[in-house]
């Protein structure tokens, strides 16, 4: 029998994004505080969180540990969010956990959000499965996120900070940094990526207030590139770099820095485990080549300006004359700055809605894109991503990039 996870979660969807720890903490108390039985690495940041989680989970798995990984959003299926040793939870196990969590919600209490219910299920699963360690990605922000319920993480990581989710986190980089720095805990180790000065000052102050032993990471050095594999070096460790894009030099260095902290704490993680784990790392839908209808497409979320800049940097290394962009974006995103980062003269732009989410109107996006880049050779709208990609393939031999929303990428991968 097919388990309908959507129907189990649907009652909680109407509560939307509602930051705060009271509901999740009460729910976890009702479940016996499973999070207290799970040692964690907590990963916050605007971009790069998922890649860092993927590197860490892969390396720790190769080191022989039982490793939980909790990430969001999923691309195709809810089960992707909760993994042990790189294997997603089964739908049957997930349904059982969600029912358990639902039964722990007293009718007289304020209802938890969908993300809080799912996060509670992840904590419960990792505790029941007796993982040695869990790599946990923040959902939104940090300070008031449902994952921020462990007083003594092994390591807290802040990957990057740029202006996204300002509607919930505050209008300035300092505001956003303050929220993300909420994952830092007194006396606990911290690993921090390169930050804009305004954000770095806030995080630095919080590090000092809490007495965190902080590692401020600079990007790794790319030491070798062949047709088969890139290699990088950070703090004397040379390792393969399977994920594409310049920013993986930072993401991988953040993961290596966290691994080195664990080694100092007595965790047995050999160089061979690091090399094999980094080599086996996979993270779908992020600067990824994908074969479809006989063509190689480049797919990526690029759902905020900073991520769009990273994608554009990678596209520029391909030395192509022009690009056909197939894009859809959520209504809440910074559409103008994303277009400014990506679009160039003589590019083509095919705009589509993001299914089943609060999508920006493709017609309105088309008007904005033509204003920002009037030299586009074509700007068209389509009712769905499949027809847009089919038309893109039929009418051009140039590079085709699908981007703008991880939800759009996930929908495409499910076709």
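A few comments on the model shown:
Matching residues to (1) assigned to a helix (DSSP H, G or I); (2) more than 20 Å from the chain's Cα centre (by Cα):
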{"position": "142", "(1), (2)": "no, no"}
{"position": "146", "(1), (2)": "no, no"}
{"position": "152", "(1), (2)": "no, yes"}
{"position": "181", "(1), (2)": "yes, no"}
{"position": "186", "(1), (2)": "no, yes"}
{"position": "190", "(1), (2)": "no, no"}
{"position": "195", "(1), (2)": "no, no"}
{"position": "200", "(1), (2)": "yes, yes"}
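- Cβ pairs under 9 Å, 6+ apart, first in the range 217-242 and at positive phi, second surrounded by 16 or more Cβ atoms within 10 Å (Cβ to Cβ): 235/220; 235/253; 235/256; 235/257; 235/260
- Unmet criterion (only one of (1) on the phi < 0 side of the Ramachandran plot; (2) in contact with a helix residue (DSSP H, G or I) (Cβ under 6 Å, 6 or more places away or on another chain)) for residue 302: (1)
- Residue match in the range 201-215 (condition: within 28 Å of residue 404 (Cα to Cα), at pLDDT 95 or above and touching a helix residue (DSSP H, G or I) at 6+ places or on another chain (Cβ under 6 Å)): no
- Scanning the range 356-376 for residues that are in a loop (DSSP other than H, G, I, E, B), more than 26 Å from residue 413 (Cβ to Cβ) and in contact with a strand residue (DSSP E or B) (Cβ under 9 Å, 6 or more places away or on another chain) yields 373, 376.
- The residues in the range 61-80 that are out of contact with any helix residue (DSSP H, G or I) (no Cβ under 7 Å at 6 or more places or on another chain) and at negative phi can be counted, and the count is 4.
To keep it simple, each residue is scored yes or no on (1) over 20 Å from the mean Cα position of the chain (by Cα); (2) closer than 29 Å to residue 268 by Cα.
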| residue | (1), (2) |
| --- | --- |
| 106 | yes, no |
| 123 | no, yes |
| 128 | yes, yes |
| 134 | no, yes |
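- Count - residues of the range 66-92 that are closer than 17 Å to residue 123 by Cβ and under 11 Å from the mean Cα position of the chain (by Cα): 4
- Restricted to helices (runs of 4 or more DSSP H) entirely inside the range 238-355, those with at least 3 residues that are in the same structural domain as residue 67 (by TED's automatic domain parsing) are 248-264, 271-280.
The values are calculated or read from the model by the stated rules, or taken from the named source; none is laboratory data. This structure is a prediction, so every number in the text was calculated from the model and none was measured. No Cβ is skipped: glycine too gets one built from the backbone with ideal geometry, and neighbour counts run over all protein chains shown.
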